[in-house]
Every structure is written in C-alpha cells, then in structure tokens.
Amino acid sequence: MKISRSKQFKKDFRNYIGKMSDKHFESLIEALNCLKESKQMPKYFREYELSGRLKGYRELHLGGDLLLMYVIKDEVIYLLRMGTHAEILGM
C-alpha cells in the first residue's frame, strides 16, 4: 500500500516532531509499517473506527494522548491528523 500525507498531517507532524519522545516516534514507525504491510495492529495501539461526522476514519494511539487519524481508500493510506484528542476531535 502507498502512504499519502494530508497538508494538515504535515503541519501536525512539524509541530510534534520536536516534542515527540523516541518512544512516540518508534510507535509511529511501527504503526505505519503495520498499515503499509496490512498486518494486524498490536492491541496496545488501541486502534478503532471513529463515529459520527468522522465515520469511516480510523484512529490509533501512539502513546499517552498522542493520536494518529487516518483512512484507507483504494489501497492508499491517507494520514489525516496527528495530535491529542482535543486537537483532533475538538474535545
């Protein structure tokens, strides 16, 4: 599968790259590898499908309150957002 990054994801990533711990960065790489290779996502990522206005999108935890929101369409993984629940979902 291919990976495509949204403009907002790129902005989020730039904002977090200096703040991310090594563990968060390693988690991001591991999650992307699982997605790209269509492997089962380990349970500690707590991956789930969103509901309501975001139905069809998926989210997983990179550690703590750092989340990755994405959607898979036509064999492409679209990375949409990276941030906290409050930043992504407006909570």
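Tell me which residues, restricted to the range 34-91, are more than 17 Å from residue 5 (Cβ to Cβ), open to solvent by less than 20 Å² (accessible area, probe 1.4 Å) and touching a residue at least 40 places away in the same chain (Cβ under 8 Å).
63 - this is the single residue of the range 34-91 that is more than 17 Å from residue 5 (Cβ to Cβ), open to solvent by less than 20 Å² (accessible area, probe 1.4 Å) and touching a residue at least 40 places away in the same chain (Cβ under 8 Å).
So the check is Cβ under 7 Å with 6+ separation or different chains; which pairs have a first residue in the range 1-13 that's in contact (Cβ under 8 Å) with a residue 40 or more places away in the chain and closer than 19 Å to residue 62 by Cβ and a second one that's in a strand (DSSP E or B) and of a type in the set (Gly, Ala, Ser)?
12/83
For the range 31-89, what are the residues that are of a type outside the set (A, V, I, L, M), closer than 20 Å to residue 20 by Cβ and part of a strand (DSSP E or B)?
Hits for the range 31-89 are 59, 61, 63, 70, 81, 83.
The values are calculated or read from the model by the stated rules, or taken from the named source; none is laboratory data. Just so it is clear, the structure is predicted and the values come from calculations on it, not from any experiment. Because the Cβ atoms are built from the backbone with ideal geometry, glycine has one as well, and the counts that use them run over all protein chains shown. With ligands, DNA and RNA removed, areas are computed over all heavy atoms of the protein, side chains included. Shrake-Rupley method; radii C 1.70, N 1.55, O 1.52, S 1.80 Å.
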